[in-house]
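The values are calculated or read from the model by the stated rules, or taken from the named source; none is laboratory data. Not measured: the values here are computed from a predicted model. Please note: Cβ atoms are built from the backbone with ideal geometry, for glycine as well, and neighbour counts cover all protein chains shown. Note: accessible area is taken over every heavy atom of the protein model, side chains too, but ligands, DNA and RNA are not part of it. Shrake-Rupley method; radii C 1.70, N 1.55, O 1.52, S 1.80 Å.
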Amino acid sequence: MTWGACARETLRPVRRGTRGDMSDVRECRGIALVSGASSGFGARIAQVLSAGGFDVIALARRAELLEVLAEEDPYRAILPVVADVRDRNAVGRAVSELPDEYRDISVLVNNAGLSRGFGPVQQGAAAHWREMIDTNITGVLNLTEAVLPRLVARGSGHVVNVGSIAAEYPYMGGNVYAATKAFVHQLSLNMRVDLQGTGVRVSCVAPGMAKTEFARVRYEGDLQRAEALYDGLTPLSADDVAQSVAWCLDQPPHVNINMIELMPAEQPFGLGFAGSRSGDPGGASGGADAS
């Protein structure tokens with residue numbers, strides 16, 4: 001069962017401040033739409049925002065995982081919505097057909113994204129490139145097109161785009177994935193300029209190496225290869241990224257967080273990872289599976 005906006009006002013506490021700090025004051029903070037919410041960063045962002053007082057529209061492709069996410073939410077605040085961000089028409093329908101109590105969206109988290117393949121660009125696969133472009137660029141634009149006018153019309157809101165340090169720091173095998181995330185970073189900064197005076201804030205959160213489904217997707221299910229990426233360091237968790245998103249939203253209205261970069265303490269700048277083989281550095285940046 002899912003409650004509508006503010007209907008749970010007396011039912012649950014709101015998480016404030018640092019992790020684990022629970023206030024006795026219940027605050028309804030609005031409605032947030034999170035893409036790529038069936039796993040990884042997106043699922044954890046949905047959970048953290050729900051705990052923080054938001055009703056959450058969790059949008060992704062995998063219906064069964066979305067249903068589990070909603071059912072396990074102790075605050076009954078997550079509405080599962082199945083859509084593929086690459087499909088403009090499907091995204092438009094999903095947003096236009098939201099229940100009345102979920103229409104007044106105040107936060108958009110463009111999290112859905114993926115990386116396919118590894119190795120140098122001269123050995124790349126066009127199908128992999130197209131999938132990354134369609135998801136990481138077109139998907140962000142499709143959801144932004146569907147939601148942003150609502151934020152402008154209401155005179156307030158916040159867009160948080162999930163980028164990657166790959167957009168700023170080259171690494172072997174990053175090529176097209178890094179370029180798609182550079183698009184996300186520049187789009188975020190230019191949206192910030194375009195939206196000045198509208199009451200809508202824009203932030204970009206750029207994670208480094210994180211342990212989610214991301215590496216497994218990149219290596220097309222090769223678990224051994226994916227796990228080997230984390231040898232010798234402690235990667236970011238999905239919660240680290242979710243808390244960064246929440247922190248952007250927690251700032252007072254006169255403060256706009258333009259960009260956050262976060263990395264594991266042991267992750268170096270430059271090519272690959274500490275101790276990685278020069279021929280297999282893939283996955284050197286964070287990201288979210290579009291599922």
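Key figures
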quantity: Taking N as its residue count, the alpha carbon Rg of region 141-216 over 2.2 N^0.38 Å; calculated: 1.25
quantity: Heavy-atom accessible area ranking, 1.4 Å probe, most first, across 118, 54, 269; calculated: 269, 118, 54
quantity: Contour minus Cα-Cα distance for residue 64 and residue 266 (0.36 nm per residue); calculated: 69.2 nm
quantity: For residue 186, net neighbour charge (Lys/Arg +1, Asp/Glu -1) across residues whose Cβ lies under 13 Å away; calculated: 0
quantity: When the convex hull of its Cα atoms is projected in every direction, mean area for region 66-116 (nm²); calculated: 4.7
quantity: Spin-label model distance (nm) - residue 152 vs residue 90, 7 Å beyond Cα toward Cβ; calculated: 2.7
quantity: Projected label distance in nm at residue 196 and residue 27, using a 7 Å step from Cα toward the beta-carbon; calculated: 2.8
quantity: Charge context of residue 92, other residues only, Cβ under 15 angstrom, K/R +1, D/E -1; calculated: +1
quantity: Rough spin-label spacing in nm, given labels placed 7 Å along Cα→Cβ, for residue 234 and residue 258; calculated: 3.2
quantity: Dipole-positive endmost among 137, 170, 106 within region 91-209 (Cβ charges, Cα centre); calculated: 170
quantity: Sequence of 84, 55 from largest to smallest accessible area, 1.4 Å probe; calculated: 84, 55
quantity: For region 28-170, alpha-carbon Rg and Dmax in angstrom; calculated: 15.6, 51
quantity: Ranked order, 194, 87, 73 - accessible area, probe 1.4 Å, largest first; calculated: 194, 87, 73
